1. So which residues of segment B:751-794 lose at least 40 Å² of accessible area, probe 1.4 Å, when you go from the chain by itself to every protein chain present?
2. Can you give the accessible area of B:His493, probe radius 1.4 Å, in Å² rounded to 10?
3. List the residues, sorted by chain then number, that are 5 or more residues from B:Asp542 or on another chain and whose placed amide H is less than 5 Å from its amide H.
4. Compute the Cα gyration tensor for segment C:7-51, then decide on rounded, prolate or oblate, letting a ≥ b ≥ c be the square roots of its eigenvalues: rounded whenever a/c is under 1.5, prolate when a/b is larger than b/c in the other cases, and oblate in all that remain.
5. Under 8 Å for C-alpha pairs, at least 6 residues apart: give me the relative contact order for chain B, rounded to a whole percent.
6. Carbon and sulfur atoms: what percent of the 1.4 Å accessible area of segment A:2-77 do they account for?
7. I'd like the interface area for chains C and B: accessible area of each alone minus the complex, both sides summed, 1.4 Å probe, protein heavy atoms only. What is it in Å² to the nearest 100?
8. Roughly speaking, to the nearest percent, how much of chain B's 1.4 Å accessible area is carbon and sulfur?
Amino acid sequence: MSRITVKVDGGGYTDDVEPRTLLVHYLREQLGKTGTVVGCDTGNCGACTVLLDGRSVKSCSMFAVQADGHEITTIEGLATDGQLHPMQQAFHENHALQCGYCTPGMIMQSIDLLADNPDPTDDEVRLGLEGNLCRCTGYQNIVRAVRAAAAAGGAR
Amino acid sequence: MTTTQERPAAEVGNPRRRKEDARLITGRTRWTDNVVLPGMLHLAMVRSPFAHARITGIDTEAARSSSGVVAVLTGADLAEEQGGLPFAWTATPEQKAPAHPSIAVDTVNFAAEIVAVVVARSAAEANDAADLVDVDYEELPAALDLKAAAADEVLAHPDLGTNVSARFNFDSAEAGTGGDVDAAIAAARDGGIVIEREYRQQRLIPAFMEPRSIVADPTGEQLTVWSSTQVPHFVKIFIALVLGIPEHKIRVIAPDVGGGFGGKLQFTPEEVLTVIAARRTGKPCKYSETRSESLQAAHHGRDQWQKLTLAADRDGTVRGLKVELLANMGAYLGLVSAGIPILGAFMYNGIYKFPAYRLTCTNVFTNKTWTDAYRGAGRPEATFAVERLMDELAAEVGVDPLEIRERNWIKHEEFPFTTVSGMHYDSGNYEAATAKAKGLFGYDDLRAEQQRRRESGDPVQLGIGISTYTEMCGLAPSRWLGSMGYVGGGWEHASIRMLPTGKVEVITGTSPHGQGHETAWSQIVADRLGVPFEDVEVLHGDTQVSARGLDTYGSRSLAIGGMAVLAAADKVIEKAKPIAAQLLEANADDLEYTGGRFGVRGTEAGMSLAELAFAVFQGHKLDGGAERSLDADATLEPDDFSFPHGTHLCAAEVDTETGAVTIRSYVSVDDVGNVINPVIVEGQVHGGVAQGIGQALFEEAVHDESGTLVTGSFDAYLVAAAPDLPSFVTARTETPATTNQLGVKGVGEAGTIASTPAVVNAVVDAVRHLGVSDVEMPCTPYRVWKALQEGAKS
Amino acid sequence: MIPAAFDYYAPTSVDEALALLREHDDAKVLAGGQSLMPVLRLRLAAPEVIVDLGRIEALRGIRDDGEALVIGAMTPHSVVQADPSIAEHAKLISLAAAAIGDPQVRHRGTFGGSLAHADPAADLPAVVVALDAEMVIQGPDGRRTVGAADFFEGVFTTTLSEDELLVEIRVPKYTGWGAHYEKFSRVAQQWPIVAVAAAVRLDGGTIAEARVGLSNMGSIPIRATAVEQALVGQPATAEAVRAAAARAADGTSPPTDLNGDAEYRRHLASVLTRRAVLSAAGAG
Ligand SMILES: Cc1cc2nc3c(=O)[nH]c(=O)nc-3n(C[C@H](O)[C@H](O)[C@H](O)COP(=O)(O)OP(=O)(O)OC[C@H]3O[C@@H](n4cnc5c(N)ncnc54)[C@H](O)[C@@H]3O)c2cc1C
Ligand code: FES
Ligand code: FES
C-alpha cells in the first residue's frame, strides 16, 4: 500500500492505495466518484477523461499513486452551487448525448479543448475530441455543443 | 371558458431538451458497475484462447489458494446447474442447434468462450487468480470461413453432422405475391439485362460504449439482478426458465444503460454465471467485462454472403430478384440469431415494384463468436444489396442512378401497396423525399464537378452515392412473429399512475438506453392528459416497477410502446370521467376533457385532473362503487409494421493515389411519419448514419487463421471518432403512418440501414470509370487502391 | 482488467532510478504510461517492480545549448508540440508530436518514452532518425551517446539495456528548413499505416539538403537516403520530387497487416514522400 494525498473536485483526501490501482478505480471505488467511467482497456475511448492539474488525462492510463500531490477535477466537480458548467449546459441544450456513457469524458475533454483554443472551428473541435469515442451521437451535436459553449464563454 | 390552467402549445412535435440529461451530464448516473453492496464478491472469467478445442483438464488448485478467492467454478462443476442458454427464434421446424452452455463443459466452440469462473473478494484478486487457472486443451479443426463451413468442410459441431442450422425460403410465386423469378431471369438473359453480384456483409461488433456489467444479489426474499441490458424483462423470464428460479422471486433492473444497438438484446452466459455465483456463495456478486472481453465475447452482427441475380428490361425496369444468402450464426444460436436474415428477407425489394422475388437463406454454424441483432438486423443487409444493385443497373443501362430508381419505385399515389414479399406498405412518398434531398445536396452541381474531375484526370475523384431506402420497423405484430418462428410476442405495455398531488408516473415496458423515452413519453402524456411536461415522470427498466414489457429493439419503442402509453392515458381519462361527472353533479355526456380539465359543456364548472386525483385519493366524496384509483394499464398489440423511408445522398472523394475515401457531404431526408421530438429524431439519424458509415468504411471484426479475434481492442476495431465523420445535413418529410394513431414510424435504425449503401455507392461511383464496379466493405484505402489496380489491368 | 501487483518506486533523481534498476531484476520503467499501461492492464507484462520517472524533474524540459536542442526524456508530447524553440529549429518534431494519438495521450506520453518503446509504427522515431538526433543514455557506467540510427534495433527493441535510461535527446538545429510530417492512417487516432517525415533546405528554388524518414516501413524507422540524395540539387517541382520520391521504398521490407500489404506500403511510401517533400519545400 502507498499513501497518497490528492485534491479531487475541491476536496482533500489522504488514502492508502495499492500501487496497481488505476486512478479511475480509485476515483470510482474509493472516493465514490462514479461519474467517471471506464470504456476500454487500451486508452482509446476517453470515457475516463479527467483533468489533472487542469489538463485532460485518461484516468485509466495512470496509477492513483502517480496522482499523489496533484489536483483532479471530474465531471462531478464542474457544477458550482447547483449551477451547471457552461459545457454541461451546452451538451444538454444541443442534445449532445444519448446514452450518456461517453459524456463525462467528452465534457472534460471539451473543457480542455477550449482552454487551448477558446474559439475553435468545427474541424478543430473534431480534432480536439479525437481521443473520445461516442457510439450514439455521430458527434455532430457534440461539435455543436462545444462551439455553443465557446460562444457562451465556456472556457472558464 | 375559464383559462386558469392553460398549458403551452402542444408538446408533441416540440424540440424538448431531454429529461434524462440532468443526471448524465453531472455524473450522477446509475450504471450497473456503480452498484456496490456489502460483502460483494467479484467475478473474473477464464476464456478459451482456441476457437475449437477439447478441454482435457483444468487445474484450479493454484487459483483456489490465491489470495481472496472464494470459489473457482468450471464447466464440470456446473454441468447440471447451468442449464442451457435459450434461442428464441426457430427459422424452420427442422432447425438444428447445438446445446449452448454458459460455461464450456468439455469442448470450446469459439475463442473467448468461458471455461472457468473465479469468484474473489476483489476484482483485482479475481484477475490474479484467473491467471493461475491452468487449462489443457486439445485443439480441434475449426470451421472459420463461412463459405467453407456452408459446404461442411470442417464441422463446427461434429455431433450435429452438418454446419447448416436451417434453410429458409421465400418465393413470391409460391406465396402468391408475385411471379416466378427463374422465368424472369431466363427472359432477361434473352435480350434484357441480368446483373449478378456477390456482396459480403462483413462481421461487425455492436461496440456499445458501456461494457456489459451484472450484479446479482441473492440476499433477502428475492434475487435482484442489475444488468446492463436492453431487455430486462427477457432476462427475468430466462433466469427463471434456465436456472429454475421461480419467476416471481426475480427482480431485474436495467439502470442507466450505456448503449446497446442490439448488442445488449441477449440473455448472456455472464448473466447466468453471475447469478449462479451469487446463489452458490450466498453473496452479492458482480461481473464487469473489459473492453477486450466485450469485443470478443458479446455477440457480433452481420456476417453474411449475398449472391444476387437481378433481371431487368433494357430500359432498366426490374423484372425479378433472386437472393441466395449465407448467414453466419457463429458457434451458437443467440436469442434472435436465426431470425436476423428473416427480418431482412422481406426487404430485398426495397421501395420497388419488383414483380418476382425469391430468397433462399442458409444459416450456418462456425467456430466464431455467435452473431445476433446489430442495429438494423437483417434490413441493412437487404437494403445494401438492392441499393447497390440499382446503381449497377443504372451503370449498365447508362442512366443516372436516380432515374433507374424512379423508374422502379412505388409512386406515392400507389399506396397502400403490397410488395412482392407480401408486406403492406401503408404510406410513403419517395418522390418528395428524393426531391428534397436532391435540392439540399446540390445534386446537379456535384454531378457537373464529378464530370470535370473525370475529364481532367484529377487524382482525387468525386463520387455520388444514393440510397433510397425503406425498412420495416416497430417489431412487430405478435401473429407475424409467431408465423416466422419467434417464440415471443410483439405487444407492449404501459401503465399510468395518477398521484394525489396531480403528478403523473408513466411506467413503460420499453427499456431505453439512450433513446430518450423519458422525454418523449412525457411529451405524449403531457399532451394527452393536458398536464405539464415537468409533472410527468417516466419509469422503466425495473421489473418490479415495470412488471410487463418487451423492451427496446427493432425501432419498436415509439410505434408500439409509445402507443401503449397513449392508450393508458386514454384509459385514465375514461376512468376519471364518471367520477368527474359525479363530483361535478353533471351528466358524463356533457363533460369535455381539454387542457387537463373536465369542463361541463356550456358552463364555467369544471375540475382539473389534479383535483380529481386528489379527490380520488381522499375518496371521501366518491360513490361507494367508484374505484379509488385513476391508474390505468394498457397492452398494445400493433396492427402492422410501420415503414419509414427516405433518400440519403453521399458525396465522397477518393484519392486515387492512396485509396483514401473522404466523405465530403452527406444529406439525409427521412420520412419517419409524425415526429414527437425533432431533436431526438435528428440525434437518432446522426448516430445511425455514423454507424452505417462505420460499416461502409471502418469496421470489421477480423479473425486470424486460428480463429482468434485480431480486432479485439479499439486500437484495431475502428470505431469512427469525431474527425473521421462529416457533418450531416438532415431533413425530413412527414408522411404519417396509417397503422397507428400517432402516425409515427420508427427512427432508431433508419440511418444505419440507409447510409451504408449510400457511402459504398459513392465510392464505386467515384472510380467506376477507372474500371471498378465494387469494393468490399469496409472500403479501406488498401481495398480501394487494390480495386483501382485491378481496374487498371482490366 | 487490473494489472498484476508490483512494487512501486518514484525516485526523484536519475541516480536513484538507476540504483533501483540495478537492484531489481524484474523492473520496468514507467514514463508517461501511454504505451506501458495498456500492456499492464491486458497483463501482457507483469513486472515485479515499477520505477516511475515522473518525479525526476531533471528529465523534463527543453533547452537550447547553442548547437543543439536538448529534449528531456520525460517531456510530454504536448510540451514538445508547443515549444517555440523546437518550432524554430526543428519544426519536423513539432509537427510529428502534434500528430501523435490524441490530446490526452499527448499530455501524458513522453518524448523519451515513445523512442524507448520503439514501436515501428510510432511517429517520433522516424523523425529523430531523419534529423540525426543523438540519444543520451545513462547507465551504471555513466553516460553514453548513440546516434538515432543506431538506437533502434528491432520491433520494441533498442540499444538500451535493462539498467539504462534514455535521459535526453540532442537534436541538431535545422533553422530555416522547411518541414512536413505526412501521416497516413484510417482513422484520426490511429497509428500510421505509413508516415513520412521530411525536412528540406532550399537554396533559391533548389533543394540544397533533404532529410526523409519513414515510419512503419520495417521493424525500425528508416532514413530514405536514396530519396535524400536524389533530391539534392533538384528544383522543388512536382516532377523532380516525384522522380526522387519513387525511390522511397528502396531497401525497405514493410509489414503486411489488416491495413495493407508490403506492396501497398511501398507504394504509399513514395506517394507520401512526394507529398511530404513538396509540402516541406512549400510547394505542396
Ligand atoms: C490511444 C493512444 C494512441 C496513440 N497513438 C499514437 C500515435 O499515433 N503515434 C505514436 O507514435 N504513439 C502513439 N501512442 C503512444 C504514445 O506516443 C506513447 O506516449 C509512447 O509510445 C510511449 O511513451 P510514454 O511516455 O507513454 O511511455 P511508457 O508507456 O511509460 O513507456 C513505454 C516503454 O518505454 C520504456 N521507457 C519509457 N521511458 C523510458 C526511458 N526514459 N528510458 C528507458 N526506457 C523507457 C518503458 O519501460 C516502456 O517499456 C498512442 C497511445 C495511446 C494510448
Ligand atoms: S477507459 Fe480510459 S481511455 Fe478508455
Ligand atoms: S452518448 Fe452514448 S456513447 Fe456517446
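The values are calculated or read from the model by the stated rules, or taken from the named source; none is laboratory data. No experiment lies behind these values; they were computed from the predicted model shown. Counting neighbours? That spans all protein chains shown, and the Cβs are built from the backbone with ideal geometry, glycine included. Each accessible area value is taken on the protein alone, full model and side chains, heavy atoms only, with ligands, DNA and RNA left out. Shrake-Rupley method; radii C 1.70, N 1.55, O 1.52, S 1.80 Å.
1. Flagged in segment B:751-794: B:Pro781, B:Tyr782, B:Trp785.
2. The accessible area of B:His493 comes to roughly 20 Å².
3. B:Ala254
4. Details: a/c = 2.96, a/b = 1.65, b/c = 1.80.
Judged from the Cα gyration tensor, segment C:7-51 comes out oblate (a/c at least 1.5, b/c at or above a/b).
5. Details: 2014 pairs, mean separation 121.6, N = 794.
Computed over chain B, the figure is 15 percent.
6. Working: 820 of 2100 Å².
Carbon-and-sulfur percentage of accessible area, whole number: 39.
7. Numbers: alone 12700 and 28450 Å², together 39050 Å².
Summing both chains' loss of accessible area gives about 2100 Å².
8. On the way: 12700 of 25570 Å².
Reported share for carbon and sulfur atoms: 50 percent.
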